[in-house]
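Have a look at the structure below before the remarks.
The values are calculated or read from the model by the stated rules, or taken from the named source; none is laboratory data. Computed from a prediction, not measured in an experiment: that's the story for all the values here. Every residue, glycine as well, gets a Cβ built from its backbone with ideal geometry; the counts of neighbours run over all protein chains shown.
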Amino acid sequence: MSIINYASREIQFKIVYYGPALCGKTTNLGYIHQRINPQNRGDLVSLATAADRTLFFDFLPLNALVIKGFVTKFQLYTVPGQVIYNATRQLVLRSVDGMVFVADSQWEKMEENVESFKNLEDNLAKQNMSLDDIPYVLQYNKRDLPNIAPVNYLDYVLNNRKKRVQSFEVVSSTGQNVFATLNAVSQILLHKFSKQSDAGRPAAPGAAKPGQQHVVPEQQRSVA
Amino acid sequence: MNAIPVLTIDDVATLDGVLADFLKKAEAELTVVIDRGGNVISQYGDMTVMDVTIIAALAAGSFAATRELARRIGEVEFNALYHQGNGSHIFMNSVDEETIMITVFGPRTTVGLVRFYSTGTAQQVALLLKSLQKGNHGFSFDASDITAAPIFADSAPPAA
């Protein structure tokens, strides 16, 4: 839930990284924490098991640009990807403003990707929310591995809702497109917020940058 | 994001007054009002020693995590939680369905005193939050106010 605080002149947003187990959600936050200007971030908090598997969530607070004198604060969360932790995922999704769905590009993980995406839709529905209302982008991670599905196929199985969204080819271990993903979801979020904050004005244009998105033309979507 | 709560300067001043009065009476160090998603709504007290944002995220998680435990003994949730340390302690209590109040305190006071005063304070905070303006908040910006440049920059870590 975004909150506008006139006294501290802050706007807060919550972004959740969602996806199947071991798809690289924590690696995304780790890279962002490592590479962003330390003045613009807090500590990275990881509630993980001894084997570095996320048990509850990872959390990274970021400060960003100033809009009309208001500082925007983004709070990044990951969810535990393992199937058994669904109750925890529901807790972390509470009051979410924006989402990054991280998919593992390897062929053998496709079923888990689809299952996790369905689980996300179900968990949002339980909180009377829907992906139709929440700004989100897709991240196709591990593009450096040999056994990966083509982007067309990933779009076919994951980006097949009525409204297509931006997707990114990412290698979170090296940081490739990690920031592009974060910037895209943040921009979409702010643009949505700007429309809400000023419903009387013309709708804002999308924030997509040419070359950053993989929107598959309609005729290519028949890949099975 | 359908209804965005707005804390006006007056709202914050009123909240600060309620929280300051509570801290004084309970002799606690810090109190933070958060939503159950982990967002900080208001804070008052000594904030120099800890990152309130992180405290809020962890406290929201801690509070939510015990909900299932409460259900096992026939409760909807625990209304209050107490984490006892050696010198510093945390007391958390439910304000309303959307909000939690966290109090950090040390050896100057007792959990009983904090618990006693926090109950009344939570009721006052709940009333105030209920009256918060939602939507049509006056603060507006459009796409041209958002920079086209990337919001977050990937920069190499500073040299050691």
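I'd like the full set of residues that are without any contact (Cβ under 8 Å) to a residue 40 or more places away in the chain and either more than 12 Å from chain B (Cβ to nearest Cβ) or hydrophobic (A, V, I, L, M, F, W, C) (or both), limited to segment A:15-35. Working first, answer last.
The first filter runs over segment A:15-35 and keeps only residues without any contact (Cβ under 8 Å) to a residue 40 or more places away in the chain, leaving A:30, A:33-34.
Residue satisfying the conditions is A:GLY30 alone.
Filter segment B:127-142 down to residues that are at pLDDT 70 or above and of a type outside the set (S, T, N, Q) and give me whichever is farthest from the chain's Cα centre (by Cα). Before you say what the answer is, go through the steps one by one.
So the first thing to find is which residues in segment B:127-142 are at pLDDT 70 or above, and the list is B:127-132, B:141-142.
Now restrict to residues that are of a type outside the set (S, T, N, Q): B:127-130, B:132, B:141-142.
Numbers: B:LEU127: 15, B:LEU128: 14, B:LEU129: 12, B:LYS130: 15, B:LEU132: 16, B:PHE141: 27, B:ASP142: 29 Å.
In this case the residue turns out to be B:ASP142.
Kindly evaluate A:VAL96 against the criterion of being within 15 Å of A:LYS25 (Cβ to Cβ), touching a residue at least 24 places away in the same chain (Cβ under 8 Å), surrounded by 14 or more Cβ atoms within 10 Å (Cβ to Cβ) and within 9 Å of chain B (Cβ to nearest Cβ). It is true that A:VAL96 is within 15 Å of A:LYS25 (Cβ to Cβ), touching a residue at least 24 places away in the same chain (Cβ under 8 Å), surrounded by 14 or more Cβ atoms within 10 Å (Cβ to Cβ) and within 9 Å of chain B (Cβ to nearest Cβ). A count restricted to segment B:4-32 and to residues that are polar (S, T, N, Q) and within 7 Å of chain A (Cβ to nearest Cβ) stands at 1. Selection of first residues in segment A:38-61 that are facing another protein chain (nearest Cβ under 9 Å) and more than 15 Å from A:TYR17 (Cα to Cα) and of second residues that are in a loop (DSSP other than H, G, I, E, B) and not hydroxyl-bearing (Ser, Thr, Tyr), restricted to Cβ pairs under 7 Å at least 6 apart or on distinct chains, gives the following pairs, ordered by first then second residue: A:GLY42/B:ASP51; A:ASP43/B:ASP51. Would you pick out the residues in segment A:8-61 that are among the charged types (D, E, K, R) and touching a strand residue (DSSP E or B) at 6+ places or on another chain (Cβ under 7 Å)? Result: A:ARG9, A:GLU10, A:LYS14, A:LYS25, A:ARG41, A:ASP58.
The rows are residues; the columns are (1) among the polar types (S, T, N, Q); (2) more than 30 Å from A:ILE4 (Cα to Cα).
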site: A:LEU47; (1), (2): no, no
site: A:PHE57; (1), (2): no, no
site: A:PHE70; (1), (2): no, no
site: A:VAL79; (1), (2): no, no
site: A:GLN90; (1), (2): yes, no
site: A:VAL114; (1), (2): no, yes
site: A:PHE117; (1), (2): no, yes
site: A:ASN128; (1), (2): yes, no
site: A:ILE134; (1), (2): no, no
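Listed conditions (1) surrounded by 22 or more Cβ atoms within 10 Å (Cβ to Cβ); (2) part of a loop (DSSP other than H, G, I, E, B); (3) facing chain B (nearest Cβ under 7 Å) are all met by A:GLN12, apart from (2). Scanning segment A:63-84 for residues that are over 16 Å from B:PHE141 (Cα atoms), without any contact (Cβ under 8 Å) to a residue 60 or more places away in the chain and not in a strand (DSSP E or B) gives A:PRO80, A:ILE84. Screening A:PHE70, A:PHE101 for residues that are out of contact with any Pro (no Cβ under 6 Å at 6 or more places or on another chain), among the aromatic types (Phe, Trp, Tyr) and at the interface with chain B (Cβ under 10 Å from one of its Cβ atoms) leaves exactly one candidate, A:PHE70.
Residues that are more than 10 Å from chain A (Cβ to nearest Cβ), of a type in the set (A, V, I, L, M, F, W, C) and buried (at least 19 other Cβ atoms within 10 Å of the Cβ), at least 3 per element: which strands (runs of 3 or more DSSP E) completely within segment B:33-146 meet that? Working first, answer last.
Working: elements: B:40-45, B:80-83, B:89-96, B:99-105.
By residue number, B:89-96, B:99-105.
Pick from segment B:39-94 the residues that are of a type in the set (Ser, Thr, Tyr) and at pLDDT 85 or above: which of them is farthest from B:LEU129 (Cα to Cα)? For segment B:39-94, the residue satisfying everything is B:SER88. Answer yes or no as to whether A:GLU112 is of a type outside the set (A, V, I, L, M), surrounded by 14 or more Cβ atoms within 10 Å (Cβ to Cβ) and more than 12 Å from chain B (Cβ to nearest Cβ). Against the criterion (of a type outside the set (A, V, I, L, M), surrounded by 14 or more Cβ atoms within 10 Å (Cβ to Cβ) and more than 12 Å from chain B (Cβ to nearest Cβ)), A:GLU112 qualifies.
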